[in-house]
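To start, the structure under review is shown below, and the notes come after it.
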Amino acid sequence: MMELQTEKRFHNLTLEQVQALDKVLTEVIPIHGRGNFPTLQVRAKDIIRVVKDRLVERDIQVKDIRLNGATASHVLVRDNVLGYRDLDIIFGVELPRQEDLQVIKEVVLGSLRDLLPCGVNRRKITCLTMKEAYVQKMVKVFNEHDRWSLISLSNNRAKTVGLRFISSLRRQFEFSVDSFQIILDRMLESYWETERKQGGNPCAGAAEEPTITVEAECMYGDFEQAMDHLRHRLIATRNPEEIRGGGLLKYSDLLVRNFRPASETEIKSLERYMCSRFFIDFPDVSEQQRKIEAYLQCHFIGNEEASKYDYLMTLRRVIDESTVCLMGHERRQTLNMITVLALRVLGEQNAIPNTANVTCFYQPAPYMTEPIYSSYFITQAQPPLVYHPYPLHVHMQTGLV
């Protein structure tokens, strides 16, 4: 029975899927430097090789390398609406000591330094300088259950590059549609073997007709069921109580992209779990705002910016309908904050024709030391933005002056 369950988790990629994977791994992606630092033009297969070689040099054991999340979903179902917005690479590593996380940081920053253009004096550039120039986000976790690190590289308004180093992680997915991982080791070996045959030519790609077998694993458990969810835009998960606070943001994102619950009877329970965990992980309204703003910045890029307003109002609706763990005033604070963000998005998108025609009145709620926005009415917004949680504290009126 266990063997049957294991088999259901795995899938061999078709030739078309292998070709899509080759395109992802060989596409040039810019990593933008801050200040006077140059943009690094890198391919996934190149940065993976440099990082892996340096890890081995520093005695960090690499078990396997995988393509994760939305990009893996893109390879498997190329016309899915999740899109190919980032590059998420997982290095399966052994991390017996907390000090190994520092080694990984040094490895990545040293690898980036190796990828600097010819003519740059690398000797004078420290790891700290490389971090300030090219790293967007760094996360390190080392406890009894989870040992992992994430280093996200800067990219202006395009695909981000996330390098994850995982020794143990209890939960590696949120929903079935983003639970796919493509095991890259055989594909990478084919690149490197081709380069050796061509005399070390770094521009060598995969063979024209790949004969290798590339395998994908579904962390959700049932590969074919998860593929069916992806094709038909269905939202499903397992053990929702394990999903961390950011799962609520991803869930609202799926709703905006016209995904729908696979089970209407289970979705309300799932929403309550996600709302509760969101407020546990981000108890302060300013933390919530920073998290939401960061999500918008990373996931609504280019043509997708137009969906920011719909996303925020969808998130607000889910919180309004499914939050059961907060006092009333705490819940109102969060709803107010999201509404203000939605208003700001309308302004940025010129949904309000002239901000000179917008009048704001506000007064502090009795339990607040600072004024809080709590009622809005913007007739130009489509659909109209209307929010009246309790007697008027703010009134926004648009029209001719």
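The values are calculated or read from the model by the stated rules, or taken from the named source; none is laboratory data. Note that the structure is predicted; figures quoted are calculated from it, not measured. Don't worry about glycine lacking a Cβ; one is built from the backbone with ideal geometry, like all the others, and counts go over all protein chains shown. For the accessible areas, the whole protein counts, side chains as well, though only heavy atoms, and no ligand, DNA or RNA atoms are used. Shrake-Rupley method; radii C 1.70, N 1.55, O 1.52, S 1.80 Å.
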Going through (1) at pLDDT 90 or above; (2) touching a strand residue (DSSP E or B) at 6+ places or on another chain (Cβ under 9 Å) one by one, residue 70 fails only at (1)
Considering each of 136, 102, 172 in turn, give the residue that is touching a residue at least 24 places away in the same chain (Cβ under 8 Å) and open to solvent by 70 Å² or more (accessible area, probe 1.4 Å). 136
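Results for (1) of a type outside the set (Ser, Thr, Tyr); (2) at pLDDT below 95; (3) touching a Cys at 6+ places or on another chain (Cβ under 8 Å), shown as yes or no for each residue.
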{"residue": "88", "(1), (2), (3)": "yes, yes, no"}
{"residue": "91", "(1), (2), (3)": "yes, no, no"}
{"residue": "104", "(1), (2), (3)": "yes, no, no"}
{"residue": "129", "(1), (2), (3)": "no, yes, no"}
{"residue": "133", "(1), (2), (3)": "yes, yes, no"}
{"residue": "147", "(1), (2), (3)": "yes, no, no"}
{"residue": "153", "(1), (2), (3)": "yes, yes, no"}
{"residue": "171", "(1), (2), (3)": "yes, yes, no"}
{"residue": "177", "(1), (2), (3)": "yes, yes, no"}
Lone unmet requirement of (1) within 17 Å of the chain's Cα centre (by Cα); (2) more than 24 Å from residue 92 (Cα to Cα); (3) among the hydrophobic types (A, V, I, L, M, F, W, C); (4) buried (at least 21 other Cβ atoms within 10 Å of the Cβ) for residue 255: (4)
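Is at least one residue of region 87-110 among the basic types (Lys, Arg), over 30 Å from residue 225 (Cβ atoms) and assigned to a helix (DSSP H, G or I)?
yes
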When region 278-288 is examined, which residues are found to be assigned to a helix (DSSP H, G or I) and either without any contact (Cβ under 8 Å) to a residue 24 or more places away in the chain or open to solvent by 60 Å² or more (accessible area, probe 1.4 Å) (or both)? 280, 286, 287
Got a number for residues in region 215-250 being in contact (Cβ under 8 Å) with a residue 60 or more places away in the chain and among the hydroxyl-bearing types (Ser, Thr, Tyr)? 1
What is the number of the single condition among (1) out of contact with any Ser or Thr (no Cβ under 7 Å at 6 or more places or on another chain); (2) hydrophobic (A, V, I, L, M, F, W, C); (3) part of a strand (DSSP E or B) that residue 139 does not meet? (1)
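Within region 102-142, how many residues are among the acidic types (Asp, Glu) and under 23 Å from the mean Cα position of the chain (by Cα)?
Counting residues in region 102-142 that are among the acidic types (Asp, Glu) and under 23 Å from the mean Cα position of the chain (by Cα) gives 1.
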Scanning region 289-322 residue by residue, the ones that are surrounded by fewer than 13 Cβ atoms within 10 Å (Cβ to Cβ) and within 16 Å of residue 245 (Cα to Cα) total 2
Just checking, which of 280, 267 is touching a Pro at 6+ places or on another chain (Cβ under 6 Å) and aliphatic (A, V, I, L, M)? 267
Of the listed residues (109, 76), the one being of a type outside the set (D, E, K, R) and more than 19 Å from residue 23 (Cβ to Cβ) is 109
Examine region 54-64 for a residue that is under 30 Å from residue 302 (Cα atoms), at pLDDT 90 or above and either open to solvent by 50 Å² or more (accessible area, probe 1.4 Å) or under 21 Å from the mean Cα position of the chain (by Cα) (or both), and state whether such a residue exists. no
Of residues in region 334-363 being out of contact with any Ser or Thr (no Cβ under 9 Å at 6 or more places or on another chain), at pLDDT 75 or above and not charged (D, E, K, R), the one most open to solvent (accessible area, probe 1.4 Å): 349
